[in-house]
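Values in this text are rule-based calculations from the coordinates and carry no lab data. Keep in mind that what you see is a predicted model, and the values were worked out from it rather than measured. All Cβ positions, even for glycine, are placed from backbone atoms using ideal geometry, and neighbour counts span all protein chains on display.
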Amino acid sequence: FKDIKQYDQSELFLLKALEIQEKAFGKNTPRIGTNLANLAALYKEMGQYEKSEKIYLKTLNLFRKHSGENHTSVLLCLSSLADLGEDKRDYDMAWNYIDTTIFRASSLDLGVHISKGWADSLYQASFPSNEHIRNLLIALDIGTRLLEKDKRIKGAKEKKLIILDLANKLTNKWINDLSSEEDKLKTFIVNAYWLQNNLNSDHEADYASRAFELADENKSVLLLKATKSEDAYRLGALPDSLVKQNKTLHQKRSRLKAQLLEKRSDDEKMTLRDQLNSTTQAIDNFDNAIKRDFPKYYRLKYKTISTEIEKIQEQLLPNTAMLEYAITDSVLHLFMVEKSNVKWIKKRISRRLLKKKIKALHHCLSDYVDLMKDEKKSYVAYTQLAYWFYQNILEAVLPNDQSIRNLVVIPDGELGHLPFEVFLTQPASKQTIDYKSLHYLVNDFSITYNYSAGLWLENMAQKQGKVKYPGQLLGICANYEANLDSNLMQFRLPTEYELREQLTPLPAAREEVQLLRDQFKGFFAFDTLATEQTIKERATDYSILHLAVHGILDEKRPVLSSLALSENGDSLENNFWQAHEISKMELNADLVVLSACETGYGRFETGNGIASLARSFMYAGASSLVVSLWQVNDLATSIIMQNLYNNLVDGMAKDEALSKAKLDYIVRVKGIA
């Protein structure tokens, strides 16, 4: 009733519930605290501030008496009173309660003297629990609003930036200490909220570098979420028994921290502190053992990806610029990083509109049925959308320097489904259908993609240390004609049988790999030799992997996404090379080409990051990948792949070779791929 503004009904039900609780448990018990707080919040929304404050204070005293001054229930009441002070425009009241919340959450008597030193002290504080961090963030959020409203504050804009930066760091600190997946998802939502506040604030132009770093750090946190989850042990080959041990230790530590917050005797608290110290030491010992015995898991689970603008600019070549995006509900943030310049543009575009446009472009590029039905209509739809994207998400930040020929694109969310190469830099004629004469973005730039600038930095370091292996290319061409042979399927699960049923032949794949065999040294596997066993045994010995196979995405469990190899009835391998199996490999490949369907088209949800087969190859050590974003006609794929490898043989760099292969295809064929 409160949500639909029926306040009288809400008040009636809350008072009745409170009456029932008081009869059952008494009037001076914390059990009635939640209903009291809800009633106080209702009166605040109704503008009955005196009633609200009186009930909040009653709730605060109840929790103080029964749970202690530093309990999280007390902190929540303090924040609610600060929020009430903001609504009343009693800013002294609001600041005082924020001050008390900071003290009770961190045990630091800092006041609200906002400065860099103040923020550093709070970040370094030893918080009793993650809930204390959460409650401190609530108070800090109120503080950012007060800085905009309280005209007495000097340097309010700078102080707000300090709080926003602190909130970002505290949220990441919170995430790193969580073990529950549900808690992590909630934290990622909080993280996204603070990032949105930060980016949408009224920053000075010289804040562009820090805003870029914040956006990319947030992206990197989301990216690592998949590996900082219960699936991480799959990617890092950690035994189930150790996973369980790790989870048990963290749960025990959380439980002991919660017990220490309760009202207890000094002796009981001393015993609990001893147990907490012992458990923390056990966690440290466990982490050290994991670091020693399971280095890959340790890197995936515990590493952080940092983004430092200076290091990125050091690695950028003079002819290369990095384009990074951050999406909020109503604003698209575009960052262009060049060797000695950072540009930040804000475009007011709703996320809903972006999703609609992306879906429409994806349909134009992948639905061949519509193309055959009405070629002109499809042409007009594509050209209008492709030019719209250029105008709205790219043109404003494109470098003025004509020497820039390469773009490294770091998309965000749904933008990761866009092939920037097909954007049109000029409007197209509606009178004639002529794909060849259109001016695509790929005409002007070679384009590569990455998931975050921090990960790009790691990849650059990885490429510099890459060892070239004598065997040049491993080519795999799967055959799906014997998919459902009963003799071959006797060791398979029903779900595996169902997956096989969906696999259609790729007629041009054999010719594609046969042509590569004529151009490159290496090993080429066809038919019953193109199996999971073959690829696991040989993949580490080649600098180029070309896999002409179907890709299968598992939306619910991305680590179970797979590449479908030929079925040979193997009792040990099911011939679905899954993402978690790929990630455990130690590849030495400079280039992996996934000449398959939708191998890069992963999930883009808050807290999930990008879940795709492509990322697993990156974990395995591959420097560069070529993947598809939608179901591709296998003949078109074959032509582009032939062009790509011909260009590599001619000595072109990988990004230039792929860009030229796409342009050659456009010239050769009437249409786009």
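Across the range 356-361, computed HN-Hα scalar couplings (Karplus, 6.51 cos²θ - 1.76 cosθ + 1.60, θ = phi - 60°) run 4, 5, 5, 4, 5, 5 Hz from first to last residue, x flagging Gly and Pro.
Here the simple spin-label model places points 7 Å from the Cα toward Cβ, and for residue 436 and residue 340 these points are separated by 4.3 nm.
Is the shape of the range 56-183 rounded, prolate or oblate, going by the alpha carbon gyration tensor and its root eigenvalues a ≥ b ≥ c, with a/c under 1.5 for rounded and a/b larger than b/c for prolate? Oblate, since a/c reaches 1.5 and b/c is not below a/b.
Loop-located trypsin sites (Lys or Arg not before Pro) across the range 1-78 with a Cβ neighbour count of 16 or fewer within 10 Å are 2, 5, 27, with loop assigned by DSSP. The slack between residue 514 and residue 363, meaning 0.36 nm per residue of separation minus the straight C-alpha distance, is 51.2 nm.
Estimate the FRET efficiency between residue 293 and residue 251 by the formula 1/(1 + (r/R0)^6), using the beta-carbon distance for r and 25 Å for R0, to the nearest 0.05.
Working: r = 22 Å, r/R0 = 0.90.
It comes to 0.65.
Remark: C-alpha extents of the range 1-125 on the principal axes read 49, 30, 21 Å, sorted largest to smallest.
Here the simple spin-label model places points 7 Å from the Cα toward Cβ, and for residue 263 and residue 54 these points are separated by 2.5 nm. Listed values for the range 256-265 are Karplus-derived 3J(HN,Hα) couplings in whole Hz (6.51 cos²θ - 1.76 cosθ + 1.60, θ = phi - 60°), namely 5, 4, 5, 5, 5, 7, 7, 6, 9, 6, and x replaces Gly and Pro.
Using only alpha carbon pairs under 8 Å that are at least six residues apart, calculate the relative contact order of the range 326-422 and give it in whole percent.
Working: 81 pairs, mean separation 29.4, N = 97.
Over the range 326-422, the number comes to 30 percent.
Starting from the Cα gyration tensor of the range 529-585, take the square roots of the eigenvalues, sort them a ≥ b ≥ c, and report rounded, prolate or oblate (rounded when a/c is under 1.5, otherwise prolate if a/b is larger than b/c, else oblate). Oblate is the answer for the range 529-585, as a/c is 1.5 or above yet b/c matches or exceeds a/b. Across the range 391-398, computed HN-Hα scalar couplings (Karplus, 6.51 cos²θ - 1.76 cosθ + 1.60, θ = phi - 60°) run 5, 9, 10, 9, 3, 5, 10, 4 Hz from first to last residue, x flagging Gly and Pro.
With the convex hull of its Cα atoms as the shape, the range 387-457 has an orientation-averaged projected area of 5.7 nm².
By the equivalent-ellipsoid construction on the alpha carbon gyration tensor, the range 475-584 comes out with semi-axes of 22, 16, 13 Å, ordered largest to smallest.
Relative protection proxy for 641-648, 423-430, from highest mean packing down: 641-648, 423-430 (other beta-carbon atoms within 10 angstrom).
Can you give the FRET efficiency to the nearest 0.05 for residue 115 and residue 348, using r as the Cβ-Cβ distance and R₀ = 45 Å?
It comes to 0.85.
Note on residue 314 and residue 244: the model spin-label points, each 7 Å out from Cα along the C-beta direction, lie 4.6 nm apart. Each of the peptides 346-354, 125-133, 245-253 was scored by the mean count of other Cβ atoms within 10 Å over its residues; in descending order, highest first, they stand as 125-133, 245-253, 346-354.
Summary of the geometry: the range 29-43 and the range 546-594, compared by the centres of their Cα atoms, lie 54 Å apart.
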